[in-house]
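Each remark here refers to the structure printed beneath this line.
The values are calculated or read from the model by the stated rules, or taken from the named source; none is laboratory data. Nothing here was measured: the structure is a model prediction, and the numbers come from that model. FYI the Cβ positions are ideal-geometry reconstructions off the backbone, even for glycines, and counts take in every protein chain you see. Heads up: the accessible areas ignore ligands, DNA and RNA and are worked out on the full protein's heavy atoms, side chains in. Shrake-Rupley method; radii C 1.70, N 1.55, O 1.52, S 1.80 Å.
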Amino acid sequence: GDILNLQVYYPWEFLSNSPCRTVVFPLMTSGVTYWVIKSLQQWDICSSCINSYTLLVCPRLLFTIFSFILDYSVYRLAPFWGADPWKALVLLAGSYVTLVFYTRTFTNTLEGLLFALLMVLVSSRKSSGCSAEPTSSSLIGVIATAGFFNRPTFLAFALMPLLYWAGLIVDSQKSIKTLINHLLKFILCACFTAVVFIAADTFYFTSSSLIDVIVQLHDKMVVTPFNFLSYNLNPHNLALHGSHPRVTHFTVNGVMLFGILHILAISAGFKMLKNYVHQLMLVRWCYRGLPGLLVHSQGSPTLLLFYFVPLAFLSLFSHQEPRFLIPLILPLVLFSASPNRAEKWKLLIVLFNLLGALLFGCLHQGGLIPCLFHLEQLIHSPASSSHPRHYTLLFAHTYMPPRSLLNIKKTDVHVEVIDMAGAGEETLCQTVQQRASNFTCSDCHIFIIIPGTVRATITKCGVSFKNETLIFPHLSMEDPPQLPVLSSGNWRSQLGLYILELNRDP
């Protein structure tokens, strides 16, 4: 919207009255790709660079390139944590979480990449001596603060790495002066990074000049993480987005994302806890003292803490979506790649990830993007350009359609998008009937976009359609098809997305 002057839908998190998300990362990622294709078109290098396909693919291509940060991190970290590098890389590359989520423009994806960089920074290599050399405190401060501004939940992921890093510093440094030096570097760089984010967000959301932002920063200051936390710490606000049992991450989302690897981690965690309690009781009984024992088991207990501590913190919130956990793939594959841990589950791991990639990468809401591609071509067709038409696009029971993919300039008023989300049958029929009986112009076109599972509902509304397009495949988990219907000859319709052109009601 800002760079290409296209009609977009601004989510509530980016509204200027109380913005909850920083604008820095969207501008540095998707914004850069949009600027590139805009420049290519302006320089006549590519006459039609800006279209629905490039608007979708270019940011995803950039994120796909960024996703190799994960591969690099695994390669660097595997020897340090006693994991087999090749096995860890195969587990990472073969996971549908990497293939689907890390190639999409999620803030959770950036969170995962920053978490990976933080783990690389805190996992110091051993020097020629016995002690570990602490890595740059400055870089750790920058990464930790940037992650916090991207998503404040980054604190949950950063907690254990930062504690581990602090422990390394204490173990390797004998001078109190050196410890203070590390701490000061961390704090100063964290503060500088925070000021940069705050100044950029204030400049963007208040529409003030740069001089005003600098002079009046204390008056107009926009601190997006503070707004984010203020909103999400209110249970009533979270309930608006859906409430889940506190154990959803632990019992459902972890299994949904990582499959048997999550279950193996839980099993190993319980074994370690059991062994620790047993040794604790044994030492107290035999020596009547506190044990100075480490829990030895297959894999590193520290990696399990890197996995389960963020999981526990995120479980404190009632709104729990699977994508919140995708940064945890890194410690999990490192833990699972230790010798003989996941070997006998190879076939199950492969089948699980094939199924996950098919379900979440192809089927789940899979017709929505091709539908927008189709509508963009229709709206910008030569016939439509020579004779201006008005289009009304009514979406129901789909995910929120990204309006930018329709490639409509802000000055154009001939396209209206109505998102009815999960509206009930009565509300949906009333809206459709009203539109059918009130065509506002002779060359108006009204399209209803609904999944095949809601097609029967529209037929009860008493309206007719002159065109019907089926886009396959499309699976709506909010309106899943019934198994008896899938087994019949109507399965293709149930797993499709319909574009229905409304007929004028005589």
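For the list (1) at pLDDT 80 or above; (2) more than 17 Å from THR22 (Cα to Cα), I need the number of the one condition that ASN237 fails.
Checking ASN237 against (1) at pLDDT 80 or above; (2) more than 17 Å from THR22 (Cα to Cα), the one that fails is (1).
Filter region 435-451 down to the residues that are surrounded by 15 or more Cβ atoms within 10 Å (Cβ to Cβ), touching a strand residue (DSSP E or B) at 6+ places or on another chain (Cβ under 6 Å) and not in a strand (DSSP E or B) and list them by number.
As a first pass, look at region 435-451 and keep what is surrounded by 15 or more Cβ atoms within 10 Å (Cβ to Cβ): 435-436, 439, 444-451.
Imposing the further condition that a residue be touching a strand residue (DSSP E or B) at 6+ places or on another chain (Cβ under 6 Å) reduces the set to 435-436, 444-451.
Of everything in region 435-451, those that are surrounded by 15 or more Cβ atoms within 10 Å (Cβ to Cβ), touching a strand residue (DSSP E or B) at 6+ places or on another chain (Cβ under 6 Å) and not in a strand (DSSP E or B) turn out to be ARG435, ALA436.
Can you give me the number of residues within region 315-333 that are assigned to a helix (DSSP H, G or I) and either acidic (Asp, Glu) or open to solvent by less than 10 Å² (accessible area, probe 1.4 Å) (or both)? Even if it seems obvious, please write down each step before you answer.
Applying the first criterion (assigned to a helix (DSSP H, G or I)) to region 315-333 yields 322-333.
Now drop any that are not either acidic (Asp, Glu) or open to solvent by less than 10 Å² (accessible area, probe 1.4 Å) (or both), which leaves 325-333.
Result for region 315-333: 9.
Given the condition of a type outside the set (A, V, I, L, M, F, W, C) and touching a residue at least 60 places away in the same chain (Cβ under 8 Å), answer yes or no: does some residue in region 477-486 qualify?
Of all residues in region 477-486, those of a type outside the set (A, V, I, L, M, F, W, C) come to 478-482, 484.
Narrowing further to those that are touching a residue at least 60 places away in the same chain (Cβ under 8 Å): 478-479.
Yes, because at least one residue in region 477-486 is of a type outside the set (A, V, I, L, M, F, W, C) and touching a residue at least 60 places away in the same chain (Cβ under 8 Å).
What do you reckon, is SER30 farther than 26 Å from ASN232 by Cβ and either assigned by the TED database to the domain that holds TYR102 or open to solvent by 70 Å² or more (accessible area, probe 1.4 Å) (or both)? Walk me through how you get there before you give the answer.
On the way: farther than 26 Å from ASN232 by Cβ: no; either assigned by the TED database to the domain that holds TYR102 or open to solvent by 70 Å² or more (accessible area, probe 1.4 Å) (or both): yes.
It is false that SER30 is farther than 26 Å from ASN232 by Cβ and either assigned by the TED database to the domain that holds TYR102 or open to solvent by 70 Å² or more (accessible area, probe 1.4 Å) (or both).
Would you pick out the residues in region 39-81 that are open to solvent by 50 Å² or more (accessible area, probe 1.4 Å) and either of a type in the set (Asp, Glu) or in a loop (DSSP other than H, G, I, E, B) (or both)?
Within region 39-81, TRP43, ASP44, ILE45, SER47, SER48 meet the criteria.
So, in region 231-242, how many residues would count as being assigned to a helix (DSSP H, G or I) and open to solvent by less than 60 Å² (accessible area, probe 1.4 Å)?
Within region 231-242, residues that are assigned to a helix (DSSP H, G or I) and open to solvent by less than 60 Å² (accessible area, probe 1.4 Å) number 5.
Would you call ILE471 touching a helix residue (DSSP H, G or I) at 6+ places or on another chain (Cβ under 8 Å) and either closer than 18 Å to ALA423 by Cα or modelled with pLDDT under 85 (or both)? Please lay out each step first, then the result.
Details: touching a helix residue (DSSP H, G or I) at 6+ places or on another chain (Cβ under 8 Å): yes; either closer than 18 Å to ALA423 by Cα or modelled with pLDDT under 85 (or both): no.
In short, no.
Please work out which one of (1) open to solvent by less than 60 Å² (accessible area, probe 1.4 Å); (2) outside any loop (DSSP other than H, G, I, E, B) is the condition HIS397 fails and give its number.
For HIS397, the failing item is (2).
Hey, does region 493-502 have a residue that's open to solvent by less than 80 Å² (accessible area, probe 1.4 Å), acidic (Asp, Glu) and either touching a Phe, Trp or Tyr at 6+ places or on another chain (Cβ under 9 Å) or not in a loop (DSSP other than H, G, I, E, B) (or both)?
Initial filter on region 493-502 (open to solvent by less than 80 Å² (accessible area, probe 1.4 Å)): 493-502.
Then keep just the ones that are acidic (Asp, Glu); that gives 501.
Filter once more, so that each one left must be either touching a Phe, Trp or Tyr at 6+ places or on another chain (Cβ under 9 Å) or not in a loop (DSSP other than H, G, I, E, B) (or both): 501.
Within region 493-502, one or more residues are open to solvent by less than 80 Å² (accessible area, probe 1.4 Å), acidic (Asp, Glu) and either touching a Phe, Trp or Tyr at 6+ places or on another chain (Cβ under 9 Å) or not in a loop (DSSP other than H, G, I, E, B) (or both).
Pick from VAL432, VAL417: which is under 33 Å from the mean Cα position of the chain (by Cα), within 27 Å of LEU363 (Cβ to Cβ) and open to solvent by less than 60 Å² (accessible area, probe 1.4 Å)? Even if it seems obvious, please write down each step before you answer.
Values: VAL432 fails: under 33 Å from the mean Cα position of the chain (by Cα).
The conditions single out VAL417.
Just to check your reading of the model, which residue among THR411, THR427, THR392 is assigned to a helix (DSSP H, G or I), hydroxyl-bearing (Ser, Thr, Tyr) and outside the structural domain of PHE101 (by the TED database)? Spell out the reasoning first.
On the way: THR411 fails: assigned to a helix (DSSP H, G or I); THR392 fails: assigned to a helix (DSSP H, G or I).
Criteria check complete, one pass: THR427.
Can you report the number of residues in region 474-492 which are open to solvent by 80 Å² or more (accessible area, probe 1.4 Å) and under 20 Å from VAL417 (Cβ atoms)?
Here the count works out to 1.
Residue by residue through region 332-345, note down the ones that are closer than 10 Å to ALA83 by Cβ and not polar (S, T, N, Q). Working first, answer last.
From region 332-345, those closer than 10 Å to ALA83 by Cβ are 333-339, 341; that's our starting set.
Matches in region 332-345: VAL333, LEU334, PHE335, ALA337, PRO339, ARG341.
Can you find even one residue in region 377-385 that is at pLDDT below 95, in contact with a helix residue (DSSP H, G or I) (Cβ under 9 Å, 6 or more places away or on another chain) and closer than 30 Å to LEU113 by Cβ?
no
Just checking, how many residues over region 437-461 are hydrophobic (A, V, I, L, M, F, W, C) and more than 29 Å from GLY366 (Cβ to Cβ)?
From region 437-461, those hydrophobic (A, V, I, L, M, F, W, C) are 439, 441, 444, 446-450, 454, 456, 458, 461; that's our starting set.
When the remaining residues are screened for being more than 29 Å from GLY366 (Cβ to Cβ), the result is 439, 441, 444.
Qualifying residue count, region 437-461: 3.
So, in region 337-374, of the ones that are basic (Lys, Arg) and assigned to a helix (DSSP H, G or I), which residue ends up farthest from the chain's Cα centre (by Cα)? Can you show your working first?
First, pick out the residues of region 337-374 that are basic (Lys, Arg): 341, 344, 346.
Remaining after also requiring assigned to a helix (DSSP H, G or I): 344, 346.
On the way: LYS344: 31, LYS346: 27 Å.
Going through the qualifying residues, I end up with LYS344.
Identify the residue in region 235-260 that is in contact with a helix residue (DSSP H, G or I) (Cβ under 7 Å, 6 or more places away or on another chain) and of a type outside the set (A, V, I, L, M) and, among all such residues, is farthest from TRP12 (Cα to Cα). Break it down into steps so the answer makes sense when it comes.
Let us first name the residues in region 235-260 that are in contact with a helix residue (DSSP H, G or I) (Cβ under 7 Å, 6 or more places away or on another chain), namely 237-238, 249-250, 253-260.
Checking which are of a type outside the set (A, V, I, L, M) leaves us with 237, 249-250, 253-254, 258-259.
On the way: ASN237: 12, HIS249: 25, PHE250: 29, ASN253: 26, GLY254: 28, PHE258: 31, GLY259: 33 Å.
Among those residues, the one meeting the criterion is GLY259.
Report the residue count in region 336-375 for those that are open to solvent by 50 Å² or more (accessible area, probe 1.4 Å) and of a type outside the set (A, V, I, L, M, F, W, C).
7
How many residues are in a helix (DSSP H, G or I) and either more than 26 Å from LEU233 (Cβ to Cβ) or open to solvent by 50 Å² or more (accessible area, probe 1.4 Å) (or both) if we restrict to region 149-175? So that I can check it myself, show each step before the final result.
In the first step, residues of region 149-175 are kept if they are in a helix (DSSP H, G or I); the result is 149-150, 154-172.
With the extra rule that they be either more than 26 Å from LEU233 (Cβ to Cβ) or open to solvent by 50 Å² or more (accessible area, probe 1.4 Å) (or both), the set shrinks to 155, 159, 163-172.
Residues in region 149-175 being in a helix (DSSP H, G or I) and either more than 26 Å from LEU233 (Cβ to Cβ) or open to solvent by 50 Å² or more (accessible area, probe 1.4 Å) (or both): 12 in total.
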